[in-house]
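What follows is a single structure, written as structure tokens, with notes after it.
Every read-out reported here was derived from the displayed coordinates using simple, explicitly stated rules and does not represent laboratory data. Being a predicted model, the structure only gives us computed values, none of them experimental. Here the Cβ is made from the backbone with ideal geometry for all residues, glycine too, and neighbour counts use every protein chain on show.
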Amino acid sequence: MRAAVLASLVASLVMTACTSSPPVPRDRTPLGSVVESPGECGVLSRTAISRATGLAEFSSSGTETLAHFAYCLIRNPADSGAPLRLAIELDDPMRSTVDGVERKKATDKGVSLPAEVGPGYSAIIRDQGGEPAGAYVTAWTPDGARLLSIELYRGAPGRDHRADVVEFAKQLRPVLLDKR
């Protein structure tokens with residue numbers, strides 16, 4: 001009896017292992033240079049935007065020069081209603097407090113940015129059903145004077161969206177936060 005149960009369990013495990021779909025391959029291609037001048041909204045590389053969003057064609061709106069950068073919005077022009085896919089915003093001066101941003105980090109279960117990118121954090125964006133729908137980064141100057149927000153919605157399939165927004169922050173920080 002025991003041997004029959006054990007054989008049945010092993011057979012079930014083998015069948016489950018054989019019928020399981022393989023994990024989705026992760027696209028680990030680096031974004032490359034995020035900063036490009038002139039680029040989208042005066043600063044962003046088309047290649048990096050395409051790689052992160054998965055969009056070969058997109059429309060951008062926002063600031064047109066690096067010197068006066070305030071925001072950049074990337075949309076898929078083929079979608080009806082053109083939902084937002086990537087949003088980058090610079091608050092100068094910062095509209096909230098560092099304490100308020102830290103509370104949001106705790107609420108969203110954010111992870112601190114690496115030391116060379118911080119201060120700031122990244123977190124997962126979730127849809128209404130609680131499923132991951134993208135990622136975002138919030139980074140600020142050490143004195144709390146300026147804040148950089150980067151939000152990636154429905155990024156390219158198979159990519160690590162959190163890693164992509166962190167890479168955007170890493171490359172944009174010296175250009176947008178530290179140089180002002």
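Computed quantities for the displayed model
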read-out	value
Neighbour-limited loop hits for GluC sites (Glu not before Pro), region 75-127 (at most 13 other Cβ within 10 Å; DSSP other than H, G, I, E, B)	Glu116
Total formal charge among the other residues, if their Cβ is under 13 angstrom from that of Ser45, Lys/Arg +1 and Asp/Glu -1	-2
Gained length - Arg46 relative to Asp143, 0.36 nm times residue gap less alpha-carbon distance	31.8 nm
Potential lengthening between Arg95 and Ser59 on full extension [0.36 nm per residue; Cα-Cα distance subtracted]	10.2 nm
Mean projected area in nm² (Cα convex hull; one quarter of hull surface) for region 87-180	6.0
Residue-count net charge about Gly158 - beta-carbon cut-off 12 Å; Lys, Arg +1, Asp, Glu -1	+1
Neighbour net charge for Gly110 - beta-carbon separation under 12 angstrom, K R +1, D E -1	+3
